[in-house]
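> Before we start, here is the structure in question, set down as structure tokens.
Please treat every number below as a calculation from the coordinates, not as lab data. What you are looking at is a predicted structure, and each value in this text was computed from that prediction instead of being measured. Heads up, the Cβs are rebuilt from the backbone with ideal geometry, glycines too, and the neighbour counts pull from every protein chain shown.
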Amino acid sequence: MRVTVLGANGMLGSDVVKVLEALGHEVKPLTRKDVDLTDPRTINDCRWLAKKNADWVVNCTAYTAVDKAEEEPEIAFDVNEEGVLNLCGKLSGGPRLIHISTDFVFDGSATAPYIETDETNPLGVYGQSKLAGEHYAEAMLDDPIIFRTSWLFGPAGKSFPLTMINAHNAGRTLRVVGDQVGCPTYTVDLATAIASAIEERLAPGVYHACGTEAMSWHEFAERTLSNYKGEAVTLEKISTADYPTPAKRPAYSVMSNEKLSAAGINPWRPVDSAVEEFVERLRRMGTVAQHSIQPKL
């Protein structure tokens with residue numbers, strides 16, 4: 001397949017490119033320098049978004065600064081809503097789109113894993129802007145695929161586990177929220193799901209595509225640092241009220257992958273296995289030290 005990947009230098013996009021290339025697909029990686037989705041002129045001029053040059057387009061671009069979005073909503077909506085509108089205008093009648101969305105379209109009031117047909121009710125600007133992008137993709141294209149994912153982590157960008165490792169290595173006291181629950185998702189696993197969707201010509205629609213283990217940020221941090229240090233790590237657990245942020249987070253954003261699994265796509269490995277590979281890649285890249293120091297806990 002000929003696949004154009006937008007946001008190809010980002011945390012997810014870089015792994016999407018690697019996975020697709022390893023499978024033998026013809027991949028055209030594009031960054032914002034190549035195509036700016038907020039500028040229709042660069043989209044219209046891009047031949048790699050035309051049907052004769054691409055069978056699929058994977059949109060990994062997004063404004064993801066959840067807290068900053070509350071301060072600059074116009075920028076978040078420019079990227080996450082208007083950017084999708086502009087892209088879909090180019091793709092109509094052309095390559096199929098796989099668009100990445102988020103668990104933040106839900107308000108976190110559920111008590112069982114969210115399914116694709118559950119009511120959406122985003123709590124903040126980031127989730128609102130991503131949901132608006134979903135709506136444009138569904139309204140403007142005949143056969144889009146929308147993957148909602150959650151708690152994404154990979155070595156090619158900022159992520160929660162990398163933040164925890166860096167804070168540990170700086171000797172900082174770590175107090176981590178324990179009353180928000182979600183599903184950590186490794187970029188390689190999501191990239192594999194995307195590749196499978198392309199190869200299997202997945203039916204259009206919204207799909208939840210995330211790790212299968214639900215846990216709190218506190219548990220995720222402990223498991224990350226335990227893997228990094230090679231021994232058990234215990235951190236102080238705090239509540240959301242103890243760590244106020246500009247954007248309100250869903251308390252429960254666990255999503256069910258049942259629909260995607262029923263289509264034969266189930267690449268999700270255990271969190272500990274994903275974190276082990278993640279840490280090893282960070283070390284090979286020189287992003288983190290080979291040996292940790294004792295934190296001041």
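> Step by step: first the residues of the stretch 95-125, then only those that are in a loop (DSSP other than H, G, I, E, B) and polar (S, T, N, Q), then the one that is surrounded by the most Cβ atoms within 10 Å (Cβ to Cβ). Which residue is that? Walk me through how you get there before you give the answer.
Step one: of the stretch 95-125, the residues in a loop (DSSP other than H, G, I, E, B) are 95, 106-113, 115-124.
Still in the list and also polar (S, T, N, Q): 109, 111, 117, 120-121.
On the way: Ser109: 11, Thr111: 6, Thr117: 8, Thr120: 18, Asn121: 14.
Out of the qualifying residues, it is Thr120.
> Here is a list of conditions, (1) part of a helix (DSSP H, G or I); (2) within 21 Å of the chain's Cα centre (by Cα), and Tyr228 meets all of them except one; can you say which number that is?
(2)
> From the residues in the stretch 185-225 that are assigned to a loop (DSSP other than H, G, I, E, B) and under 15 Å from the mean Cα position of the chain (by Cα), which one is surrounded by the fewest Cβ atoms within 10 Å (Cβ to Cβ)? First the steps, then the outcome.
Of the residues in the stretch 185-225, the ones assigned to a loop (DSSP other than H, G, I, E, B) are 200-204, 209-214.
Then keep just the ones that are under 15 Å from the mean Cα position of the chain (by Cα); that gives 209-212.
Details: Ala209: 27, Cys210: 31, Gly211: 26, Thr212: 19.
Applying the filter and picking the extreme gives Thr212.
> Filter the stretch 108-140 for residues that are β-branched (Val, Ile, Thr) and touching a residue at least 60 places away in the same chain (Cβ under 8 Å) and give the result.
Narrowing the stretch 108-140 to residues β-branched (Val, Ile, Thr): 111, 115, 117, 120, 125.
Within the stretch 108-140, Thr111, Ile115, Val125 meet the criteria.
> For the stretch 142-158, which positions are crowded, with 21+ Cβ neighbours inside 10 Å and over 13 Å from the mean Cα position of the chain (by Cα)?
At the first step, the residues of the stretch 142-158 found to be crowded, with 21+ Cβ neighbours inside 10 Å are 144-155.
Those that are crowded, with 21+ Cβ neighbours inside 10 Å and over 13 Å from the mean Cα position of the chain (by Cα): Pro144, Ile145.
> On to the next question. Read through the list (1) in contact with a Gly (Cβ under 7 Å, 6 or more places away or on another chain); (2) free of Cβ contacts under 8 Å to residues at least 40 places away in the same chain, then give the number of the only condition that Ala247 fails.
Exception for Ala247: condition (2).
> Now a separate question. Can you find, within the stretch 53-91, the residue that is farthest from Ser159 (Cα to Cα) among those that are in a loop (DSSP other than H, G, I, E, B) and in contact with a strand residue (DSSP E or B) (Cβ under 9 Å, 6 or more places away or on another chain)? If you could, list the steps in order and put the result at the bottom.
The first filter runs over the stretch 53-91 and keeps only residues in a loop (DSSP other than H, G, I, E, B), leaving 53-55, 60-67, 71-72.
Imposing the further condition that a residue be in contact with a strand residue (DSSP E or B) (Cβ under 9 Å, 6 or more places away or on another chain) reduces the set to 53-55, 60-62, 64.
Numbers: Asn53: 33, Ala54: 30, Asp55: 31, Cys60: 15, Thr61: 16, Ala62: 15, Thr64: 11 Å.
Among those that are in a loop (DSSP other than H, G, I, E, B) and in contact with a strand residue (DSSP E or B) (Cβ under 9 Å, 6 or more places away or on another chain), it is Asn53.
> Next question. Which condition from (1) among the small types (Gly, Ala, Ser); (2) out of contact with any Lys or Arg (no Cβ under 8 Å at 6 or more places or on another chain); (3) without any contact (Cβ under 8 Å) to a residue 60 or more places away in the chain is the one that Ala65 breaks?
Status for Ala65: all satisfied but (3).
> If I filter the stretch 4-14 for residues that are closer than 18 Å to Arg201 by Cα, touching a residue at least 24 places away in the same chain (Cβ under 8 Å), surrounded by fewer than 19 Cβ atoms within 10 Å (Cβ to Cβ) and in contact with a helix residue (DSSP H, G or I) (Cβ under 6 Å, 6 or more places away or on another chain), do I get at least one hit? So that I can check it myself, show each step before the final result.
Of the stretch 4-14, the ones closer than 18 Å to Arg201 by Cα are 4-5.
Now drop any that are not touching a residue at least 24 places away in the same chain (Cβ under 8 Å), which leaves 4-5.
Okay, now just the ones that are also surrounded by fewer than 19 Cβ atoms within 10 Å (Cβ to Cβ), so none.
Checked against the condition, which is being closer than 18 Å to Arg201 by Cα, touching a residue at least 24 places away in the same chain (Cβ under 8 Å), surrounded by fewer than 19 Cβ atoms within 10 Å (Cβ to Cβ) and in contact with a helix residue (DSSP H, G or I) (Cβ under 6 Å, 6 or more places away or on another chain), the stretch 4-14 yields no hits at all.
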